[in-house]
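Here is the structure we will look at, set down as structure tokens.
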Amino acid sequence: MIKRIDNIKIPAGQGDAELFELVKRRAGGKLGYFKILKKSLDARDKRNIHWLYSAAYSREKENDGRPPLEKLKDAPEVCVIGSGPAGLCCAVRLCERGYHPVILERGGSVDERLRAVNTFFTERVLDENSNVQFGEGGAGTFSDGKLNTGTKDGYNRDVLEIFARFGAPEEILYLNKPHIGSDKLRGVLKNIRAYIENCGGRFLFGKKFCGFAAENGELKSVKFCDVHSGEENELPVAAAVLAVGHSARDTFRMLAANSIAMQPRDFAVGVRVEHLASAISFAQYGEAYKLLPAADYKLVSHAHERTVFTFCMCPGGVVVPSASEAGGVVVNGMSDFARDGANSNSALMVQLSRADFGEGLFDGMEFQRKLEERAYVAGGSSYRAPCQLFGDFAKDRISQSFGEVAPTYAAGVTFAPLAEVLPKAAVEALKVSVPDMAKRLHGFDSASALFTGVESRFSSPVRILRGEDRQSVSLKNLYPCGEGSGYSGGITSSAADGIRTAEYIYGIHSAARK
């Protein structure tokens, strides 16, 4: 019989191994089954920081695996457009349901993409189809691989299990704030691809979705173009999953030109802020920080009329050049599994609304583009990013030298006034909100904290409208999903949206056979 123990306290500096020994002693002998159910860090009292666990155990061997899913025989052709978290997890679930999906991806495989990204980082030569935004794994490949989410989707657990099954650290199944790390995520992506291909699925890299054919309001085929030769092909399908990511601006315009209903969305813009990882950890944990992983944080300020918040915090990480269009600078954050870099960074975002950029469908998208173009010029028109110490930003002066925080942006930085890049309202909000955040995280307003801009790809500027049946309201058999379609934000919620979409497709086809 499986038994459960909750509220097990393990001191900082110890961990899973000590937990196992403690449970074994409580069980009175050898364990036939042991499973960590939950693990979180209790740092409310800096004098007594400890890990808090829940665990299950049994003296006998136990099997708690899930039974295999029912498969559809002779499943029809389904195309998944985009290989980010939504597209890949959708494709995995389709395979589990008996399908042989075709995955279209404008970017390269993870190894091809890594070469293109490294060329951009070191030589500042941008590939507009294979970069930090586009390619196998989507934008999440060059991130922290964070899997915590505020959503309550029933498929969130499935997402964690998929990633763990394909090589992510097992701890993601029980950590309160799980992450994979960009370094480990690349191997996970290769394993997912191998599984899909072994199930009869196909990946078509370097192929951009460029149109479709429809009949009587139903999608009949998708058209795709080779990004190098421009050669066009057409694939007859029973359904197409649209998981293109939030940066597929040309795809959004193509869909609108073909009367696919969409609507503009509010979003946020800002900068990446860097501090010393040790300073953040000390502020969170005190002297115990030396025994613990790099600390994270999540901050919100309402000190200004516009909400300012941190997002996608990367402990021990780096700021990443993330442009996908020529003549624009975009920043993001990334960290490896160890999170052992000198700096920690996060997006520092100011909420905007359509009143700031216009009511037109693509006004927000063009607003983002203009910010990126201004950042490009401010950085020297070479993909170097404009940066400024917070102390100088607050006093409207150009920085002259770095303080204790050295920049990590791989393509290089240029001191420039970010007030000439960001919207005026965002500048004012940041000046007020950073000191307010420092009331909750000591040192957050350090004069040497480094701002690098511009963080403009927080979320999709449009939503591709879908009905309760998850299909486009304009075209049957087209399934918008994930972050790019405006229905999720982050790896886990996007992946869960992809799984749910796959289940809906299976349900429709299964019901049609009965």
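The values are calculated or read from the model by the stated rules, or taken from the named source; none is laboratory data. Note that the structure is a prediction, hence the values are computed from the model and not measured. Cβ: placed from backbone, ideal geometry, glycine included. Neighbour counts: every protein chain shown.
Restricting segment 138-155 to residues that are crowded, with 18+ Cβ neighbours inside 10 Å and farther than 25 Å from ARG115 by Cα, the residue that is modelled with the lowest pLDDT is THR149. Filtering segment 103-156 to residues that are assigned to a loop (DSSP other than H, G, I, E, B) and among the charged types (D, E, K, R) leaves ARG106, ARG124, ASP127, GLU128, GLU136, ASP144, LYS152, ASP153.
Could you please let me know if VAL427 is touching a His at 6+ places or on another chain (Cβ under 8 Å) and of a type in the set (Val, Ile, Thr)? Taking the combined requirement at face value, the residue does not satisfy it. Within segment 325-380, the set of residues being part of a loop (DSSP other than H, G, I, E, B), aliphatic (A, V, I, L, M) and crowded, with 24+ Cβ neighbours inside 10 Å comprises VAL329, VAL330.
A single member of SER474, SER460, SER510 is touching an Asp or Glu at 6+ places or on another chain (Cβ under 9 Å) and either over 22 Å from ALA75 (Cα atoms) or among the β-branched types (Val, Ile, Thr) (or both), and it is SER460.
One residue alone among SER259, SER278, SER221 is of a type in the set (Gly, Ala, Ser), part of a loop (DSSP other than H, G, I, E, B) and at pLDDT 95 or above, and that residue is SER259. Residues of segment 409-455 that are within 23 Å of ALA295 (Cα to Cα), hydrophobic (A, V, I, L, M, F, W, C) and without any contact (Cβ under 8 Å) to a residue 40 or more places away in the chain: ALA438 alone.
Considering each residue of segment 406-417 in turn, at least one proves to be part of a loop (DSSP other than H, G, I, E, B) and aromatic (Phe, Trp, Tyr). Evaluate segment 489-511: report whether one residue or more is within 24 Å of PHE142 (Cβ to Cβ), touching a His at 6+ places or on another chain (Cβ under 6 Å) and at pLDDT below 95. Checked segment 489-511: no residue is within 24 Å of PHE142 (Cβ to Cβ), touching a His at 6+ places or on another chain (Cβ under 6 Å) and at pLDDT below 95. Here segment 462-499 is the region considered, the condition is being among the β-branched types (Val, Ile, Thr) and under 14 Å from the mean Cα position of the chain (by Cα), and the residue that is surrounded by the fewest Cβ atoms within 10 Å (Cβ to Cβ) is THR492. For VAL125, indicate whether it is among the aliphatic types (A, V, I, L, M), under 26 Å from the mean Cα position of the chain (by Cα) and exposed (fewer than 15 other Cβ atoms within 10 Å of the Cβ). Yes.
Please tell me if TYR285 is in a helix (DSSP H, G or I) and modelled with pLDDT of 95 or more.
Yes.
Listed by position, the strands (runs of 3 or more DSSP E) inside segment 1-90 whose residues that are in contact with a Ser or Thr (Cβ under 9 Å, 6 or more places away or on another chain) and surrounded by fewer than 17 Cβ atoms within 10 Å (Cβ to Cβ) number at least 2 are 3-11, 33-42.
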